[in-house]
């Protein structure tokens, strides 16, 4: 079956800050020769409607700064010259389930055109929402554990990756 993403110019991958989990990072590390700093970063959490349970609290000089784990994007570092994902088979779950949300509903504001949304409605996505929900729940627990530490930004990624194995 042809992917609904065929022919897409990848506006979601070019324009969005793509938030991920440490489990996504670990999967990319396991399936590539990349280092974490090649593709992931802690981005300032300045988003509306952000899930507070995914916000990483980092402290510097007694001040709290909020971050989210994200792909280096705008555009996504994994897009090729034809706007196709080079890691789709092991890409972050958020990418592999888009344009669906965790409640298995098509996101109304998804950047897909009408025909692509219709194709997704018929074909669905490649991974189960249960698998994605379980990963998000595990990641939320890791974030809670990190936030209790009141650690520094420089230590955060190492903590997440070490505890995602």
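The values are calculated or read from the model by the stated rules, or taken from the named source; none is laboratory data. Source: prediction; values computed, not measured. Cβ placement follows ideal geometry from the backbone for every residue including glycine, while neighbour counts extend to all protein chains displayed.
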Residues (surrounded by 15 or more Cβ atoms within 10 Å (Cβ to Cβ) and assigned to a helix (DSSP H, G or I)) located in the range 141-165: 142, 143, 146, 147, 156, 157, 159, 160, 161
Single residue of 110, 121 found to be surrounded by fewer than 18 Cβ atoms within 10 Å (Cβ to Cβ) and part of a helix (DSSP H, G or I): 121
Pair list, Cβ < 6 Å and 6+ apart or interchain, from the range 12-29 residues that are touching a residue at least 12 places away in the same chain (Cβ under 8 Å) and at positive phi to residues that are assigned to a helix (DSSP H, G or I) and crowded, with 20+ Cβ neighbours inside 10 Å: none
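Does residue 90 fit the bill of being surrounded by fewer than 17 Cβ atoms within 10 Å (Cβ to Cβ), closer than 23 Å to residue 39 by Cα and in contact (Cβ under 8 Å) with a residue 40 or more places away in the chain?
Spelling it out, residue 90 is indeed surrounded by fewer than 17 Cβ atoms within 10 Å (Cβ to Cβ), closer than 23 Å to residue 39 by Cα and in contact (Cβ under 8 Å) with a residue 40 or more places away in the chain.
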Residues of the range 31-62 classified as in contact (Cβ under 8 Å) with a residue 60 or more places away in the chain and not in a loop (DSSP other than H, G, I, E, B), total: 10
Filter pass, residue 83 being closer than 20 Å to residue 51 by Cβ and either more than 16 Å from the chain's Cα centre (by Cα) or surrounded by 14 or more Cβ atoms within 10 Å (Cβ to Cβ) (or both): no
In the range 64-80, the residues that are over 14 Å from residue 5 (Cβ atoms) and either crowded, with 19+ Cβ neighbours inside 10 Å or within 14 Å of the chain's Cα centre (by Cα) (or both): 67, 68, 69, 70, 71, 72, 73, 74, 75, 77
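When you go through 113, 101 one by one, which is the residue that is at pLDDT below 95 and closer than 18 Å to residue 9 by Cβ? Lay out the reasoning, then the answer.
Values: 101 fails: closer than 18 Å to residue 9 by Cβ.
None of the others qualify; the one that does is 113.
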Matching option when the condition is touching a strand residue (DSSP E or B) at 6+ places or on another chain (Cβ under 8 Å) and in a helix (DSSP H, G or I), among 12, 95, 76: 95
